[in-house]
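The values are calculated or read from the model by the stated rules, or taken from the named source; none is laboratory data. Being a predicted model, the structure only gives us computed values, none of them experimental. A quick note on method: Cβ atoms are made from the backbone with ideal geometry, for glycine too, and the neighbour counts reach across all protein chains shown. SASA here: full protein model, heavy atoms, side chains in, ligands and nucleic acids out. Shrake-Rupley method; radii C 1.70, N 1.55, O 1.52, S 1.80 Å.
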2 protein chains.
Amino acid sequence: MQGKNKLKITLSKKMGFCFGVKRSVNLAKNALKERKDNLYMLGSIINNPQVIEYFIKRGVKIVNNLDEVPKESTIITRAHGISPIMLKKAYQKKLSVVNTTCPYVRKVQKIAEYLYKKDYFIVIYGDKKHPEVLSLLDTIQNNALVINSIPEAERITTKKKIGFVSQTTKNVYDFYKLASALLNRTEELRIFNTICKSTTERQKSVLELANEVDMMLVIGGKESANTTRLAEISKNQGVKTYHIETKNQLQYKWFHSKDKVGITSGASTPDWITNEVIDKLKEWYC
Amino acid sequence: MQGKNKLKITLSKKMGFCFGVKRSVNLAKNALKERKDNLYMLGSIINNPQVIEYFIKRGVKIVNNLDEVPKESTIITRAHGISPIMLKKAYQKKLSVVNTTCPYVRKVQKIAEYLYKKDYFIVIYGDKKHPEVLSLLDTIQNNALVINSIPEAERITTKKKIGFVSQTTKNVYDFYKLASALLNRTEELRIFNTICKSTTERQKSVLELANEVDMMLVIGGKESANTTRLAEISKNQGVKTYHIETKNQLQYKWFHSKDKVGITSGASTPDWITNEVIDKLKEWYC
């Protein structure tokens, strides 16, 4: 007999698709309407397997590099960005390009290009293998150091001038700590807070929610940097936290009647996935 | 019977006239050689009363503003800087100008001029009434906020971009703390560490020395910002510290035989004053 007593479910104030992801998915859907054939996706447009599955089912082919794309077809680029160099290659190959690069990601690329032109030693706070960081590095021909911790910042030898930017989905508090650690490495430190507002808002929001609940469900792709960060923030508050991709990963034993359950989802998690999770919980505890 | 037992005197590794002060005093001395009459000093060239007395005795007149200077005379400007606006006024009045502005101070002025032109909200870490800060403010028509503490930094409302510079003689560790406090006030924070190396070296040096001695003598003008800072750093290490201008302020009762005495002096303190202090101590305890 499953739960007579309801769970108390509270949604995070800010969650789900951000502006950039919404835009990216819409651009890809429009491309699908207009030209169904010869549609190639250059890596996952966003880090959510269910969304990618949606496009694969409709005939979009996923490729890892331009060599796999036949001439004169159409490519859809990732929200995480494509470097100007790659873009040039695509045009040389006479490909049509549906560029879904998030405008905030493009802004970081432009800042990095400027810093590179002005001879700054560029430091990026980011995950070395994240697609956004890879396309950012490609934009400035790898002329940057990617760091992810204070010791890495402290190993930098003295520089004339340092420019510091961040992957858009990083933790803003850690960004400040790293910036502080760079202060005594240089005469001029130029810091651009390129963490996007949606990311910061979602992080603040889950931090608040973590203080009010017994457990937290974080819904979104396991590869999604911003979703993983939300789970980390919740865990760091000492709250039991589960990071799941879909309702199928829910386990009945995780819950007890009358539990206060917090729910948030990443910037690349579509609402229908979150709604399915909530429906399943309600089915168990109603 | 005065001291059979010697004091153990240790001099700070870095002390006394810095490059800018040396240059300033030499330029003023040269002016004295070349044109004895109609020589006016626009404020104290450096913050040391004994050095100023030296020039007054040789006929140099100290004035506070250009109105007090008769046409076609010569003015000697301060090491702390003269703003381009004041300089223009002096030339309009057909005055000859011996500009002894420290090159490091001029560098801060140039950075501030640049930041002003580029629409940065300018924050200066400094003492609001210090002559260097006043001439810096004059350079950018007062378009800057001078701060001296964390709460003042925290009161700044969010800005698009902030440029942060320092009075050349401030404490570098506090400069870093203030820079960190500015991080969440803006999208772009551009930090120029304009604290001069001599200042930083002297501060590090007195910090080391403070850990080895029973008491510290800091020799230099009471108005001298950098000298006052040296005394503060020593005091903060829990060492009994006396800030004196000349040997005449030494008190016999401060010392006990076999005491380990540390000595440092400000960037505007001439060696002859420091030597007189040491001679007096040796006279007492030899």
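Residues A:ILE45, A:ILE85, A:ILE76: which one is in contact with a helix residue (DSSP H, G or I) (Cβ under 9 Å, 6 or more places away or on another chain), buried (at least 21 other Cβ atoms within 10 Å of the Cβ), more than 25 Å from A:ARG229 (Cβ to Cβ) and touching a residue at least 40 places away in the same chain (Cβ under 8 Å)?
Result of the check over A:ILE45, A:ILE85, A:ILE76: A:ILE76.
Test B:THR227 against the criterion of being in contact (Cβ under 8 Å) with a residue 40 or more places away in the chain and under 22 Å from the mean Cα position of the chain (by Cα), and give yes or no.
yes
From B:GLU208, B:GLU212, B:GLU187, B:GLU201, which residue is touching a strand residue (DSSP E or B) at 6+ places or on another chain (Cβ under 7 Å) and over 23 Å from A:LYS107 (Cβ atoms)?
Of the residues listed, the single one that is touching a strand residue (DSSP E or B) at 6+ places or on another chain (Cβ under 7 Å) and over 23 Å from A:LYS107 (Cβ atoms) is B:GLU212.
State all residues of region B:127-169 that are open to solvent by less than 60 Å² (accessible area, probe 1.4 Å), of a type in the set (D, E, K, R) and within 14 Å of chain A (Cβ to nearest Cβ); if no residue qualifies, say none.
Passing the criteria: B:LYS159, B:LYS161.
Only residues that are open to solvent by 20 Å² or more (accessible area, probe 1.4 Å), in contact (Cβ under 8 Å) with a residue 40 or more places away in the chain and touching a helix residue (DSSP H, G or I) at 6+ places or on another chain (Cβ under 9 Å): list them for region A:48-73, please.
Answer for region A:48-73, where residues must be open to solvent by 20 Å² or more (accessible area, probe 1.4 Å), in contact (Cβ under 8 Å) with a residue 40 or more places away in the chain and touching a helix residue (DSSP H, G or I) at 6+ places or on another chain (Cβ under 9 Å): just A:GLN50.
With the structure loaded, tell me whether B:ASN236 is within 28 Å of B:TYR125 (Cβ to Cβ) and without any contact (Cβ under 8 Å) to a residue 12 or more places away in the chain or whether it fails that test.
Yes.
If you scan region A:15-42, which residues turn out to be in a loop (DSSP other than H, G, I, E, B) and open to solvent by less than 40 Å² (accessible area, probe 1.4 Å)?
Correct list: A:GLY16, A:CYS18.
So which helices (runs of 4 or more DSSP H) stay within region A:179-286 end to end and still have 3 or more residues that are surrounded by 16 or more Cβ atoms within 10 Å (Cβ to Cβ), within 14 Å of chain B (Cβ to nearest Cβ) and among the charged types (D, E, K, R)?
In region A:179-286, there are no helices (runs of 4 or more DSSP H) which contain 3 or more residues that are surrounded by 16 or more Cβ atoms within 10 Å (Cβ to Cβ), within 14 Å of chain B (Cβ to nearest Cβ) and among the charged types (D, E, K, R).
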